[in-house]
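*Asks:* Sending over a structure as structure tokens; questions will come in a sec.
Throughout, read-outs are computed from the coordinates displayed, never taken from laboratory work. Keep in mind that this is a model prediction, so the values were computed, not measured. Here Cβ is always computed from backbone atoms with ideal geometry, including for glycine, and neighbour counts include all displayed protein chains.
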Amino acid sequence: MLKTRQCLLGVRTLLAVTSRLWSCFLFILRKHIRTVSFREERHLHVRATFLACHGTGGV
């Protein structure tokens, strides 16, 4: 019975650590995606504003 209990505790610990690592990974991934999409939106906004003010610039 002691080995069974130790095995269950080990599995529980493994699942807890895996869950924490997965949560951390998803947090970093979401942060990266938000940063990339924010930069793209800002780039498009700046470009649209420039074109509205200065025309196409001969392009």
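*Asks:* For the stretch 1-48, what percent of Cα pairs sit more than 14 Å apart? Kindly include the intermediate steps, with their values, before the conclusion.
*Replies:* Details: 780 of 1128 pairs.
Here the tail beyond 14 Å accounts for 69 percent of pairs.
*Asks:* Could you check the spin-label model distance between residue 39 and residue 27? Points 7 Å from the Cα along Cα→Cβ, value in nm.
*Replies:* 2.2 nm
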